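Let me begin by presenting the structure, written as structure tokens, before commenting on it.
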Amino acid sequence: NDSNPTNQLYAIDKLDGMFLRGDQYEEWRRSDDFKRQRVLTALLLLVTNQSEQVATRAISCFATASNPTVALEPFADVLVKVANESPSPTCRSGAISALSGINGEAVSNSLAQLLKNPDENVRVGTVRLLPRFPDEFAEQGLRELADDKSANVRSVVADVIGDGKYVRVLPTLVKLFADPIGKDPLINH
């Protein structure tokens, strides 16, 4: 409840370390002092915080490695609302990531908008979320972003195609390997 964002971030980090998420080997870096649902309920108030840093950090605590549907069910509506309505692209992307692939249809329009965001870092992060969506949707996004002006975005597209073994998008991967380093003619030499 502290009004200082630095103190709020510190408190979120401490709370985040006090419950198990279901990750392998997490007992080495986390405790099981509190039940996950109780901590997430306390953090839910912060996912719409005025401070983008505080909201993004709180949203990241909802990500889970196992049983996302069960673990996130009580919080999914709020995360979907943040994913679709937050003015912050970082918070929207974080909420989509925290949803761990559930409620994909409810946030796919928001994801499609984020893929066109002018900030290359937002596009990079959003491309990494595509494998959580149905193949057709993901493949379309990968094809479109293979022509992105940012070399960073295009390299992540190539990584996602390879890591996700998107066979139908292999011609796009071949095209990416043939592309010059930069789309800008001043950078090409």
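The values are calculated or read from the model by the stated rules, or taken from the named source; none is laboratory data. Given the structure is predicted, the values throughout are model-derived calculations rather than measurements. As a convention, Cβ positions derive from the backbone with ideal geometry for all residues, glycine included, and neighbour counts pool all protein chains shown. Only protein heavy atoms, including side chains, enter the accessible area calculation; ligands, DNA and RNA are left aside. Shrake-Rupley method; radii C 1.70, N 1.55, O 1.52, S 1.80 Å.
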(Q) Residue under question is GLU144, and the condition is that it be surrounded by fewer than 18 Cβ atoms within 10 Å (Cβ to Cβ) and more than 30 Å from LEU45 (Cβ to Cβ); does it hold? (A) yes
Q: List the number of the failed condition for ALA63; all other conditions in (1) modelled with pLDDT of 90 or more; (2) under 16 Å from GLY104 (Cα atoms); (3) in a loop (DSSP other than H, G, I, E, B) hold.
A: (1)
**Q.** Pairs with Cβ under 9 Å, 6+ apart, first in region 4-16 and touching a residue at least 12 places away in the same chain (Cβ under 8 Å), second open to solvent by 80 Å² or more (accessible area, probe 1.4 Å) and outside any loop (DSSP other than H, G, I, E, B)
**A.** PRO5/GLN53; GLN8/GLN53; LEU9/GLN53
Q. In region 91-99, is there at least one residue being crowded, with 17+ Cβ neighbours inside 10 Å, in a loop (DSSP other than H, G, I, E, B) and modelled with pLDDT of 85 or more?
A. yes
**Q.** In region 121-134, the residues that are surrounded by 15 or more Cβ atoms within 10 Å (Cβ to Cβ) and assigned to a helix (DSSP H, G or I)
**A.** VAL122, ARG123, VAL124, GLY125, THR126, VAL127, LEU130, PRO131, ARG132
Q) When you go through (1) surrounded by fewer than 19 Cβ atoms within 10 Å (Cβ to Cβ); (2) in contact (Cβ under 8 Å) with a residue 12 or more places away in the chain; (3) of a type outside the set (Ser, Thr, Tyr) one by one for VAL160, which number turns out not to apply? A) (1)
